[in-house]
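Report on the following structure.
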Amino acid sequence: MIDAIELEGICHQFEAAGERIELFNGLSCTIRSDQSLAITGPSGAGKSSLLSIAAGLEAPTGGRVHFTIAGVGADALAIRKNSGFIFQQFHLMPELDAIGNLALPLRLKGYRDAFDIAACWLEKVGLSHRSRHRPHQLSGGEQQRVAVARAFIASPRFVFADEPTGALDSTTSESVASLMFECARTTKCGLVIVTHSERVASRADTRLLLDAGRLEVAA
Ligand SMILES: Nc1ncnc2c1ncn2[C@@H]1O[C@H](COP(=O)(O)OP(=O)(O)O)[C@@H](O)[C@H]1O
Ligand SMILES: [Mg+2]
């Protein structure tokens with residue numbers, strides 16, 4: 001069954017240092033768990049804010065967000081619990097080794113076989129031989145492969161990736177992007193990816209451009 005996040009007439013603004021920053025005014029879009037979506041746009045356009053709203057991490061100042069999981073209306077907490085996140089700077093736990101980082105979200109959810117599942121995922125992302133290495137002992141591309149596995153490991157319905165290849169060289173960026181889209185496809189999970197890379201964006205089923213508060217289908 002398809003899960004969905006529908007943003008309907010979203011408005012969002014910040015008050016900072018006496019100034020009002022208006023990011024969106026009446027923005028709508030639907031994110032589906034059976035599709036990948038790429039969002040591009042200039043820095044400061046509000047791409048990260050849009051991800052936070054879609055993932056139920058932040059409430060918009062106006063408009064409505066409808067979440068549906070397995071055909072039933074859900075709240076922001078349920079969406080957060082069913083989402084994985086990938087960031088530009090990897091954000092692995094520095095004191096845990098690769099397998100420990102992967103096992104963590106499962107241990108927090110009470111899985112008894114967290115380390116067995118983590119070992120499977122390490123193999124899937126080609127890093128079995130780096131299992132006992134901590135993040136600082138891994139390259140950027142290797143750390144991001146661990147972060148991709150961590151995002152998908154607890155069977156989320158959506159994975160949100162905010163400039164996931166922004167810190168990687170172009171070859172590594174391609175292989176990490178390929179891994180993310182492959183994981184989304186095989187786990188039947190929705191993927192929303194914010195990127196400045198045309199090549200990465202071109203892998204998505206749908207491409208949207210966020211600019212000057214408007215979201216448009218990109219060519
Ligand atoms: N919590 C906040 N308070 C005030 N301004 C914010 C806050 N979060 C983001 N902004 C501002 O909103 C704008 C869009 O930010 P962001 O969503 O991070 O854009 P992008 O990811 O497209 O670069 C920026 O001008 C940023 O400074
Ligand atoms: Mg951003």
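Coordinate-derived values only; no laboratory data. This structure is a prediction, so every number in the text was calculated from the model and none was measured. Every residue, glycine as well, gets a Cβ built from its backbone with ideal geometry; the counts of neighbours run over all protein chains shown.
Below is a table of values for the structure above.
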| read-out | value |
| --- | --- |
| Filtered residue count, segment 52-77, keeping only those that are buried (at least 17 other Cβ atoms within 10 Å of the Cβ) and within 20 Å of ILE153 (Cα to Cα) | 3 |
| Checklist (1) under 18 Å from ILE69 (Cα atoms); (2) aliphatic (A, V, I, L, M); (3) more than 12 Å from the chain's Cα centre (by Cα); (4) part of a helix (DSSP H, G or I) applied to ALA184, failing item | (3) |
| Some residue of segment 51-74 being of a type in the set (Val, Ile, Thr), within 16 Å of ligand 2 (Cβ to nearest atom) and touching a strand residue (DSSP E or B) at 6+ places or on another chain (Cβ under 6 Å) | no |
| Residues located in segment 35-70, provided they are in a helix (DSSP H, G or I), hydroxyl-bearing (Ser, Thr, Tyr) and over 12 Å from ALA161 (Cα atoms) | SER49 |
| Residues within segment 29-58 that are touching a residue at least 60 places away in the same chain (Cβ under 8 Å) and either out of contact with any Lys or Arg (no Cβ under 8 Å at 6 or more places or on another chain) or of a type in the set (A, V, I, L, M, F, W, C) (or both), tallied | 16 |
| Test result for ARG157, touching an Asp or Glu at 6+ places or on another chain (Cβ under 6 Å), of a type outside the set (Val, Ile, Thr) and buried (at least 17 other Cβ atoms within 10 Å of the Cβ) | yes |
| Checking GLY84 against (1) closer than 25 Å to ALA149 by Cβ; (2) touching a Cys at 6+ places or on another chain (Cβ under 9 Å); (3) within 16 Å of ligand 2 (Cβ to nearest atom), the condition it does not meet | (3) |
